[in-house]
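Some notes on the structure that comes next.
Each reported figure results from applying straightforward, stated rules to the coordinates on display, with no laboratory input. Since the structure is predicted, the reported quantities are computational estimates derived from the model, not experimental observations. Don't worry about glycine lacking a Cβ; one is built from the backbone with ideal geometry, like all the others, and counts go over all protein chains shown.
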Amino acid sequence: MHSIAVAVIRDGRVAYVKAYGERDVQRHLPLETDTVMYAASLTKAAFAYGVMMMADEGRIDLDRPIAAMLAKPLPEYGKYADLAGDDRWRMLTPRILLSHRSGFANFRFWQPGKPYDPEGKLFFYFDPGARFAYSGEGINLLQFALENGGGVDIGDFLGTHLFTRSGMTRTSLTWRGDFAGNVAIGYDENGQALGHEQRRSVRAAGSMDTTIHDYARLLAAMVRGDGLAPATHAAWQAPQVRIRSAQQFPTMGVADTRDNDGIALSYALGIARFESPRGPAWFKGGHDDGTNNLALCLARSRDCVLIMSNSSNGESIFPSLIEATLGPVCFPWYWENYVPFDHPEWSRPDASHAPCRRVDEVPH
C-alpha cells in the first residue's frame, strides 16, 4: 500500500484530516488532503442522501413505483430492453432500489460466478423486495428514472444541493480538467499502477471524484442531517432489510450466516447500518481496482471516520484504523472482507468471523 488518507469527525465536525504516502509512486508525488481520489461506491451514499432531499421537497415518493415516473414501459428504453417479457420491473420503487432489493446482479456485465461479459444481460434473480443483494444496477436504474421521468439532472442536483452547499470545491461526478494537477494514481494488489480513469458520464453507482477534505465535509453534513427534516434524516438511516449473507460479494450465492445477528446488520437507504456498543452506526464502502474507501459514522455521538486509499490492499488496515479512531464498535469486517493484514488466518472458513473480534486480541 502506497498511501492512505484519514479524516475523523467528532460531534458532527471535522476534527482531523491527514494524508500519508505517495499519490504517484513513479514520480514520488505526495498524497495531500486536496488530492483528487476516486470515491467509487461512496458515490451511492451521496446519491441516496440527495434522493432523501428530493423526498423532502416532494419531488419523489420513495414508495411510488418507478413505472409511474416513466413516460413509457421500462423495457421500451433501449438500455433496459432485456427486461421485456418480465413485468417484475413494475414492482420496483426508489425504496427497494436504494436498499438493494432489486433482484439484479451488481452489474449486468458481472454476473455471479461468471467471467466479465461486456454483453451481459440484465435479469431478475429474485422478486424485487424479497431480500438483500447489493446492486449497482439498481442504483443506476433509480438515477435513470429520476432523470428520464422526473426531469432531474443528478450531476447538477448533487452539485448544487450537496457539493457546493458543503464547500466541496474539488468534487464532481464527472472528470474536471483542473483535477489533473493533483490526482491519485490507483495501484493493484501487486503495486502495479492502474492510472486514474477520467469518467465522462454521471453514474450514481460510482462516478465521483473527490478529496479526503471534501468528502469529510460531506460526511459531517450527512451525520448532522444538514438539508433534511429530522424525520427524513431518521428514515434514511432506518433498517429496511436484514442482511444474512456471510459477505457482501459475490452478491448472489453466498452462504447465509448468523454471525451478524448480534449487531442487527441491515441495509438502510443507500447505506448499511448496524448496532454498535455505542448505538446505531451506518457505513458505506467504496471498492474498485486500485481503490478502497470507507465512511463509518456513529449516529448518536455523530463521530465518524473516513478512510480513502489508492491501493487494492488498503482495506487490510481498515479494522485497525476503525479501532484507533472510534474504538471497538463491532464493525462487520468479514462481511466487507476487511481481513486485517496482520491476521490473514481470519479469512479461513473455520475462523471466527464475529464482528466484535478485536484486531489487538492475543492469539490462542
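Can you give the alpha-carbon Rg of the stretch 247-339 over 2.2 N^0.38 Å, where N counts its residues? Each step should come with its number before you reach the end.
Working: Rg = 12.8 Å, N = 93, 2.2 N^0.38 = 12.3 Å.
Cα Rg divided by the expected 2.2 N^0.38 Å: 1.04.
Which value, in debye to the nearest 20, gives the size of the charge dipole of the chain about its Cα centre, when Lys and Arg are +1 and Asp and Glu are -1 at the Cβ? Mind dumping the intermediate values first?
Working: 37 positive and 42 negative charges, 161 e Å.
Dipole of the chain, to the nearest 20 debye: 780 debye.
Where is the GNM fluctuation largest for the chain (alpha-carbon springs, 10 angstrom cutoff): Gly290, Gly253, Gly159?
Comparing Gly290, Gly253, Gly159 in a Gaussian network model of the chain, the most mobile one is Gly253.
For q = 0.30 Å⁻¹, what log10 I(q)/I(0) does the stretch 255-305 give under the Debye formula with an equal point scatterer on each alpha carbon and no solvent?
-1.12
Determine the relative contact order of the stretch 60-151: mean sequence separation of Cα pairs under 8 Å and six or more apart, normalised by residue count, in whole percent. Before the final figure, lay out each step's value.
Working: 142 pairs, mean separation 29.6, N = 92.
This gives 32 percent for the stretch 60-151.
Could you point to the residue in Gly279, Gln26, Tyr215 farthest towards the positive end of the chain's charge dipole, with +1 and -1 charges on the Cβ of Lys/Arg and Asp/Glu respectively?
Going by the Cα projections, it comes out as Gly279.
Given the alpha-carbon gyration tensor of the stretch 60-151, what are the semi-axes of its equivalent ellipsoid in whole angstrom, ordered largest first, with each equal to the square root of 5 times an eigenvalue?
Details: eigenvalues 82, 44, 26 Å².
Largest first, the stretch 60-151 gives 20, 15, 11 Å.
Just the number, please: Stokes-Einstein D of the stretch 141-284 in µm²/s, Kirkwood Rh from C-alpha pairs, 37 °C, 0.692 mPa s.
On the way: Rh = 17.9 Å.
D, rounded to a whole number, is 184 µm²/s.
Please list 3J(HN,Hα) in residue order for the stretch 264-270, calculated via the Karplus relation 6.51 cos²θ - 1.76 cosθ + 1.60 where θ = phi - 60°; whole Hz, with x for glycine and proline.
Calculated HN-Hα couplings, in order: 6, 4, 9, 10, 9, 9, x Hz.
Quick one: if you stick a label point 7 Å off each Cα along the C-beta vector at Phe109 and Ala68, how many nm between them?
Spacing of the two 7 Å Cα→Cβ label points: 3.5 nm.
Output ³J(HN,Hα) for the stretch 102-115: one whole-Hz value per residue in order, computed from phi by the Karplus curve 6.51 cos²θ - 1.76 cosθ + 1.60 with θ = phi - 60°, and x for Gly and Pro.
5, x, 8, 5, 4, 9, 4, 7, 10, 7, x, x, 10, x
Using modelled amide H (1.01 Å from N, peptide plane; none on Pro or chain starts), what sits under 5 Å from the amide H of Glu22, excluding residues fewer than 5 places away?
Ser3, Leu31
With contacts defined as alpha carbon pairs under 8 Å and 6 or more residues apart, what's the relative contact order of the chain in percent? All intermediate terms of the calculation are to be shown ahead of the outcome.
On the way: 763 pairs, mean separation 78.9, N = 364.
In percent, rounded to a whole number, it is 22.
Computed over the Cα atoms of the stretch 219-277, what is the ratio Rg over Rh, Rh following Kirkwood? List each step's numbers first, then the result.
Working: Rg = 13.6 Å, Rh = 12.8 Å.
With Rg and the Kirkwood Rh in hand, the quotient comes to 1.06.
Would you kindly calculate the mean projected area, averaged across all directions, of the convex hull enclosing the Cα atoms of the stretch 139-226, in square nanometres?
On the way: hull surface 28.1 nm².
Computed as one quarter of the Cα hull surface, the answer is 7.0 nm².
Classify the stretch 305-344: rounded, prolate or oblate, from the alpha-carbon gyration tensor (a ≥ b ≥ c, eigenvalue square roots; a/c under 1.5 rounded; otherwise prolate if a/b is larger than b/c)? Working shown, then result.
Values: a/c = 1.67, a/b = 1.20, b/c = 1.39.
Taking the square roots of the gyration eigenvalues as a ≥ b ≥ c, the stretch 305-344 is oblate.
Which one, Met168, Phe126, Ala145, projects farthest toward the positive side of the charge dipole computed for the stretch 104-174 from Cβ point charges (K/R +1, D/E -1)?
Final value for the positive-end residue is Met168.
Between Tyr116, Tyr20, Tyr187, where does the largest GNM mean-square fluctuation fall for the chain, given springs only between Cα atoms within less than 10 Å?
With Cα springs under 10 Å in the chain, the top fluctuation among Tyr116, Tyr20, Tyr187 is at Tyr116.
Among 3-13, 189-199, what's the highest-first ranking by average C-beta atoms within 10 angstrom per residue?
Values: 3-13: 20.5, 189-199: 13.4.
By packing density, highest mean first, the sequence is 3-13, 189-199.
Considering only C-alpha atoms, what is the centroid distance from the stretch 295-358 to the stretch 22-62, in Å?
20
Put +1 on the Cβ of each Lys and Arg and -1 on the Cβ of each Asp and Glu in the chain; which of Asn190, Met69, Ser245 then has its Cα farthest toward the positive end of the dipole?
So the residue we want is Met69.
For the chain, with a Gaussian network of springs between Cα atoms less than 10 Å apart, report the residue from Pro128, Pro277, Pro118 with the top mean-square fluctuation.
Pro118
At q = 0.14 Å⁻¹, what is the base-10 log of I(q)/I(0) for the stretch 22-77 according to the Debye formula with one equal point scatterer per Cα and no solvent? Please give it to two decimals.
With no solvent term, the Cα-only Debye profile gives -0.64.
Any idea what the dipole of the stretch 60-151 comes to, in debye rounded to 20, about its Cα centre with Lys/Arg Cβ at +1 and Asp/Glu Cβ at -1?
On the way: 11 positive and 11 negative charges, 34 e Å.
Charge dipole of the stretch 60-151: 160 debye, to the nearest 20.
So what is the calculated 222 nm ellipticity per residue for the chain, using -39500 (n - 2.57) for each DSSP H run with n of 4 or more, over all residues, to the nearest 500 deg cm²/dmol?
Numbers: 7 runs with 69 residues, N = 364.
Taken over the chain, the calculation gives -5500 deg cm²/dmol.
Using the Cα atoms as the points, what is the convex hull volume per residue of the chain in Å³? Don't jump to the answer; show the numbers that get you there.
Numbers: hull volume 48.6 nm³, N = 364.
Measuring per residue, one finds 134 Å³ for the Cα hull of the chain.
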